[in-house]
1. How many residues does the range 44-59 hold that are surrounded by 12 or more Cβ atoms within 10 Å (Cβ to Cβ) and more than 14 Å from residue 16 (Cα to Cα)?
2. If only one of 34, 62 is part of a helix (DSSP H, G or I) and closer than 28 Å to residue 21 by Cβ, which one is it?
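Read the figures in this text as sums done on the coordinates, not as results from a lab. Nothing here was measured: the structure is a model prediction, and the numbers come from that model. Here the Cβ positions follow ideal geometry from the backbone for every residue, glycine too, while neighbour counts run over all protein chains shown.
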């Protein structure tokens, strides 16, 4: 009898698959409300349980892409705010 055919192995596989799906669901929930760091964290946890899963990999990549874009936008806004503040101070 192979290890995969034992009842304990089936319970472990079912438990792992259940956890994987739950982690993906949590990642999806956070992604929908644009909490990208939390979403990425859950997708990474899912990927640890199923390293070949393309959905988890793709979602992590998408989170990274959106976070990089968000970071660029914040930097641009900071520069604009700094210029506006400097302009206001000079005009006083």
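1. Within the range 44-59, residues that are surrounded by 12 or more Cβ atoms within 10 Å (Cβ to Cβ) and more than 14 Å from residue 16 (Cα to Cα) number 5.
2. Being part of a helix (DSSP H, G or I) and closer than 28 Å to residue 21 by Cβ holds for just one of 34, 62, which is 62.
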